[in-house]
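Okay, structure first, notes after.
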Amino acid sequence: MVRESEIRDGELAVAPPAAADAGLVFIGRIHTPWTSRMQTPRQGRLDGPICRIEIFDPWVPALAGVERYERLEIIYWLHLSRRDLVLQSPANDGVTRGTFSLRSPVRPNPLGTSVVRLLRIEAASLFVQGLDCLDGTPLIDLKPDRTLFTPIAPPQPGDSEGATPE
């Protein structure tokens, strides 16, 4: 069983450097049914429970036009996550991997992302499906799912999949 803040065999924690303010502003709060990391799903599902994203003033006018999109990319701050592991063993099977090769919430800058299905907007709240974070998680940003867009720039040599750099 997974325990919060445990360090498993083969994992490595480091002392992170002093924080430098990046100037982040939380624009809202995410409300989900989960109050413990132990309850939270490892990945959000588009058929998961309905969750509410509350947008704070003065950011509410920035929602204009969001209703045109069926999917949004949500970026949030995993405020209760550890930030010191550089090697992790998420399956607790003795195999360790570098933090940057995992989707673990334990990261130097614990940003979480989810692609959600937008169900409706009511005033300053978005109702969505597809989240996998704790109730009360701070919201950093939201934007239309990038897979809904066609690139603006014309194709350039080397843009095609499988192309190798010169």
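Return the only residue of 122, 54 being among the acidic types (Asp, Glu) and surrounded by 12 or more Cβ atoms within 10 Å (Cβ to Cβ). Before you say what the answer is, go through the steps one by one.
Working: 122 fails: surrounded by 12 or more Cβ atoms within 10 Å (Cβ to Cβ).
Among 122, 54, only 54 is among the acidic types (Asp, Glu) and surrounded by 12 or more Cβ atoms within 10 Å (Cβ to Cβ).
Is it fair to say residue 97 is in contact with a Gly (Cβ under 6 Å, 6 or more places away or on another chain) and either without any contact (Cβ under 8 Å) to a residue 40 or more places away in the chain or under 27 Å from residue 47 (Cα atoms) (or both)?
No: the conditions fail for residue 97.
Check 37, 8, 42 and return the single one that is of a type in the set (D, E, K, R), loosely packed, with under 11 Cβ neighbours inside 10 Å, part of a loop (DSSP other than H, G, I, E, B) and touching a residue at least 12 places away in the same chain (Cβ under 8 Å).
On the way: 37 fails: loosely packed, with under 11 Cβ neighbours inside 10 Å; 8 fails: loosely packed, with under 11 Cβ neighbours inside 10 Å.
Testing whether each residue is of a type in the set (D, E, K, R), loosely packed, with under 11 Cβ neighbours inside 10 Å, part of a loop (DSSP other than H, G, I, E, B) and touching a residue at least 12 places away in the same chain (Cβ under 8 Å) leaves just 42.
For (1) of a type in the set (S, T, N, Q); (2) at pLDDT below 90; (3) out of contact with any Lys or Arg (no Cβ under 8 Å at 6 or more places or on another chain); (4) not in a strand (DSSP E or B), each residue gets a yes or a no:
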residue	(1), (2), (3), (4)
74	no, no, yes, no
83	no, yes, no, yes
92	yes, yes, no, yes
114	yes, no, yes, no
117	no, no, no, no
127	no, no, no, no
134	no, no, no, yes
140	no, no, yes, no
150	yes, yes, yes, yes
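Here is a list of conditions, (1) within 15 Å of the chain's Cα centre (by Cα); (2) on the phi < 0 side of the Ramachandran plot, and residue 130 meets all of them except one; can you say which number that is?
Against the list (1) within 15 Å of the chain's Cα centre (by Cα); (2) on the phi < 0 side of the Ramachandran plot, residue 130 comes up short only on (2).
The values are calculated or read from the model by the stated rules, or taken from the named source; none is laboratory data. Just so we're clear, the structure is a prediction, and the values are computed from it rather than from any experiment. Because the Cβ atoms are built from the backbone with ideal geometry, glycine has one as well, and the counts that use them run over all protein chains shown.
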